[in-house]
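Structure first, commentary second.
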Amino acid sequence: MPYLTVQEIEAIARRVVTAYKKLPSLCGQHANIIQPDLLVCGLLRLSVEYHTLSISGTILGLTACGEVGVPIYDSPNKPEYYFLDGNTVLIEKSLTEETANVGRRHFTLIHEACHQIFRMLFPKEYMGAIARRQIHYCRETNSSRVGDWEEWRTNRLASAVLMPEDMVRENMDAFGLDVPMRMVNRVFASIDYTRFSDMAAYMGVSKKALSIRMKQLGLLKADYLDDPYALVNIYPQEDEVYEEDWYGKD
């Protein structure tokens, strides 16, 4: 697989989105969001099925570029094998439940489709003897760990395809957000946080995925989604000693 710069990955995403906008079902419409199922099935012509992919629920999606069998657990007491044909994406069935995170399902679907996009663009590298039976998993935990170039590259493409820069900018304007946005913080910037949350819901993505994408594009300066009070937390310097540090010492 050739090395791809961020700029090259973004260029691939733009080509995919341009082709998506030309789909007959979008003819005459102004597309300001990506409909993942339409892109995956209508543009890429991939099949999508929903099954229980693991007992623990940690596998959110998977695909393969060749023929290979994978276990599925629709009947917990009787695992079965599903035989991938190189043109199918499997998604964890629980992601379709009413209480499930829609953004997680959408990103998982696009992530697995992006493995197939790379296969379409670089068939020799993806269809070699070793790679032919490789299964690409999207897991609940962060799969783009340090050193995992394949998953980092796929996550980056998925983010760019699902949240194209022009659509992000257009929706920021529609939802009344400054460009760049100063921060996402539900406590200290509640009005902007509400608008940001509404924008994420409208685009069908999680707030975390949108914040990461906006930071990639230079459209968001700070993200306090995990800890809104981190903005005001005070940490001592290494050479500072507070009075209470001495209490109780011999």
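Structure notes:
- Flag for A113 being of a type in the set (G, A, S), in a loop (DSSP other than H, G, I, E, B) and within 21 Å of the chain's Cα centre (by Cα): no
- Out of K78, K93, K124, one residue alone is within 24 Å of V161 (Cβ to Cβ) and surrounded by fewer than 12 Cβ atoms within 10 Å (Cβ to Cβ). It is K124.
- Flag if T58 is surrounded by fewer than 14 Cβ atoms within 10 Å (Cβ to Cβ) and in contact with a Lys or Arg (Cβ under 7 Å, 6 or more places away or on another chain): yes
- From the list Y73, Y20, the one residue that fits, being farther than 28 Å from D148 by Cα and surrounded by 15 or more Cβ atoms within 10 Å (Cβ to Cβ), is Y20.
- From the options T58, T52, residue that is touching a helix residue (DSSP H, G or I) at 6+ places or on another chain (Cβ under 9 Å), on the phi < 0 side of the Ramachandran plot and either among the aromatic types (F, W, Y) or in contact (Cβ under 8 Å) with a residue 40 or more places away in the chain (or both): T52
- Among the residues of this structure, I33 does not count as one that is part of a helix (DSSP H, G or I), surrounded by 12 or more Cβ atoms within 10 Å (Cβ to Cβ), modelled with pLDDT of 95 or more and at negative phi.
- Taking the range 96-116 as the range and being closer than 18 Å to R15 by Cα and surrounded by 24 or more Cβ atoms within 10 Å (Cβ to Cβ) as the test, the residues that pass are I110, H111, E112, A113, C114, H115.
- Per the listing L39, L53, the residue uniquely under 18 Å from H106 (Cβ atoms), in the same structural domain as Q134 (by TED's automatic domain parsing), touching a strand residue (DSSP E or B) at 6+ places or on another chain (Cβ under 7 Å) and modelled with pLDDT of 95 or more is L53.
- When the range 164-208 is filtered for residues that are in a helix (DSSP H, G or I), touching a residue at least 24 places away in the same chain (Cβ under 8 Å) and surrounded by 19 or more Cβ atoms within 10 Å (Cβ to Cβ), the ones remaining, listed by number, are V168, N171, M172, M199, A200, M203.
The values are calculated or read from the model by the stated rules, or taken from the named source; none is laboratory data. All figures in this text were calculated on a predicted structure; none of them were measured in a lab. Note that each Cβ is placed from the backbone with ideal geometry, even for glycine, and that neighbours are counted across all protein chains shown.
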